[in-house]
Amino acid sequence: MIMPATLREFAEVNDRVAGTTKKLQKQAILAEYFKSLDEADVRLAVRYSAGRNFSSTDERVLGVGWSAVHDAVLSVVPTDPDAFHELVVAHGETGEALSRIWPDAPAPENRPLSLQDLAAAFDELCCTGNMARKRELLRALYARCNDPREAAYLTKIIIRELRSGAREGVLQAAIAEAFEKSLSEIQRCQLLVGDLDEVAVLAKKNALQSATFCLFHPIQFMLATPVETAELAEEALGGRTYYAEDKLDGIRAQVHKEGDRVWIYTRTMDRADDSFPDVIEAVRRVPGDFLIDGEIVPYAGGAVSPFAHLQRRLGRKKPTANMLKTYPVRIVAFDVLYANGDLLMERPLRERRARLAQLADGDALAITSVTEVRIVEEITAAFEEAKARRNEGLILKDPESIYSPGRRGKLWLKLKTHLPTLDCVVTAAEYGHGKRRNLLSDYTFAVWRGDPADPAAAELLNVGKAYSGVTDAEIAQLTALFKEIAVSDNGRVFQVRPQVVMEIAFDQIQRSTRHASGFALRFPRIKTIRFDKRPRDADRLERVEQIFQSAANTSRDAQPAGARDEPDREPTLFDHLP
């Protein structure tokens, strides 16, 4: 008889996983663990290893924040709240900080916490809106933790900060290894059923073939590989004819429909139905059941509007009637993955486009138009036409390509407009996440308003934040430097003396009320650390304005008729989007 899986064992396994940077070792450790569990426990072990409280198709949430966890922890292990906060900042996460203050001596009357105990407690936590009851349930869980690692992993699972480095690909491979299946079998099954924890159970039962496709679970989006020029795109096409379609400047969206039930998922796999009731209403009018891939774009007067109009919509989880009227949007589809009982992902794109055309409805559902291209002149002409329509560039797609979720390759390519880089001054540095949680790896940067030669008349105004484009060695060097030149900090974010200049690349510039400059860079990344430049050599706000007004900047704003200034927006699920 297999004994119930305990939280302590789960902690030991995931500590070993976190302790290696090698994916194959992570995979082997998890495979050995999963293989030892029964069906009920392997389901939970995979779920918790993925950093989820519930399965990925389960819409429930715990409704528990850091404050409730903090109160429960301090009621079990009394400690100074300020000292605990400093530990959290120092370690970059709550679970590891908690393990430093948790007593080692187990309570003899405590029965070890099992994974099924956690699942039962989570079911109850999500079902009560009474915060006092939630705190009582949390306290009962923490009171049963017999050692620091149990307490650490209970916290990691509750607040979804596992940080073991076991991403979905590692978990898929571990399940395949544990139950002697191919990775492709595991991936295909997950595509059909959605939940990786359910896939693990089917693999253990040797029943992967029983999986059937069902709507209303998010599917990883197929991605395009960037190419820099039309010449490089022609080389990648290798003499073949590709479809060219405009790269729209909106929010990538996946829409599932069955009868009157319509759900929208964003690229981060988040539900976004409440944010786009007009899209829901329109899609309901399209006959049939289907799953489409497309872009939610600002749309008025029969044309796509500047992205800034959509940005206003992203500021509200439930947009007002005035906002719906002033900033209308629509879904523009470019692929169909399922239609009326037929799974289409493994059909060639030319067949999927034909099925998509059958769904197209000029009123309710628009679809992208495609042009066939093969040589550089055709690619360039299509690219210029897309820019003339104020779109971001082109997506080039192989007509014979199947839909490959989560993958980049040469089957889909993207060619985007290029804007000049900006030399910016770093004004703040922030601790990162995961392996960078103890390093200052996120940098806020600014440009000058006024002449920096006259300190009394000049000031630095922020235009964005970036964390990509620098090496681990450079991050370590910058961490030491920024701590040395910091003028203040709150334990996580360091305001720094203007000294470091970075060359910043970006895709677009848009108006923004978030920054004092009035502008924000979209998709900023660090191209070079310019140690050769002085802060006074950085760009001016006038240069940002010039690039913003240029024809290549398709995000330049135009206030629609009837619009009025909105108050500062509240945080939403879209805050992570550029």
Search result, residues across the range 297-330 that are touching a Ser or Thr at 6+ places or on another chain (Cβ under 8 Å), of a type in the set (A, V, I, L, M, F, W, C) and under 21 Å from VAL255 (Cα atoms): VAL297, PHE307, LEU314
Filter pass, ALA364 being surrounded by fewer than 17 Cβ atoms within 10 Å (Cβ to Cβ), of a type in the set (A, V, I, L, M, F, W, C) and more than 25 Å from the chain's Cα centre (by Cα): no
Residue identified as of a type in the set (A, V, I, L, M, F, W, C) and under 25 Å from LYS387 (Cα atoms) among ALA520, ALA538: ALA520
Yes/no for GLU86 being closer than 20 Å to ARG437 by Cα and touching an Asp or Glu at 6+ places or on another chain (Cβ under 6 Å): no
Filtered residues of the range 495-507 (kept if assigned to a strand (DSSP E or B) and buried (at least 22 other Cβ atoms within 10 Å of the Cβ)): VAL496, VAL501, MET502, ILE504
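Say we look at the range 340-351 and pick out the residues that are within 27 Å of the chain's Cα centre (by Cα) and surrounded by 14 or more Cβ atoms within 10 Å (Cβ to Cβ); which of these is farthest from LEU248 (Cα to Cα)? I'd like the intermediate steps shown before the answer.
Here is the first cut: in the range 340-351, the residues within 27 Å of the chain's Cα centre (by Cα) are 343-346, 349.
From what is left, the residues that are surrounded by 14 or more Cβ atoms within 10 Å (Cβ to Cβ) are 343-345, 349.
Numbers: LEU343: 26, LEU344: 23, MET345: 22, LEU349: 19 Å.
By that ranking, first place goes to LEU343.
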Selection within the range 78-100 - more than 29 Å from ALA200 (Cβ to Cβ), touching a residue at least 24 places away in the same chain (Cβ under 8 Å) and crowded, with 16+ Cβ neighbours inside 10 Å: HIS91, GLY92
Test for ASP270: is it within 19 Å of the chain's Cα centre (by Cα), surrounded by fewer than 21 Cβ atoms within 10 Å (Cβ to Cβ) and either on the phi > 0 side of the Ramachandran plot or not small (Gly, Ala, Ser) (or both): yes
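So that you can scan it fast, the table gives a plain yes or no per residue for (1) within 24 Å of PRO348 (Cβ to Cβ); (2) in contact with a strand residue (DSSP E or B) (Cβ under 8 Å, 6 or more places away or on another chain); (3) exposed (fewer than 15 other Cβ atoms within 10 Å of the Cβ):
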residue: VAL227; (1), (2), (3): yes, yes, no
residue: ARG240; (1), (2), (3): yes, no, yes
residue: TYR243; (1), (2), (3): yes, yes, no
residue: ILE251; (1), (2), (3): no, yes, no
residue: VAL255; (1), (2), (3): yes, yes, no
residue: ALA282; (1), (2), (3): no, yes, no
Which numbered condition ASP289 misses (of (1) at positive phi; (2) surrounded by 13 or more Cβ atoms within 10 Å (Cβ to Cβ)): (1)
Filtered residue count, the range 383-432, keeping only those that are over 27 Å from VAL447 (Cα atoms), polar (S, T, N, Q) and at pLDDT 95 or above: 1
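The values are calculated or read from the model by the stated rules, or taken from the named source; none is laboratory data. These numbers come from a predicted model, not from an experiment. A quick note on method: Cβ atoms are made from the backbone with ideal geometry, for glycine too, and the neighbour counts reach across all protein chains shown.
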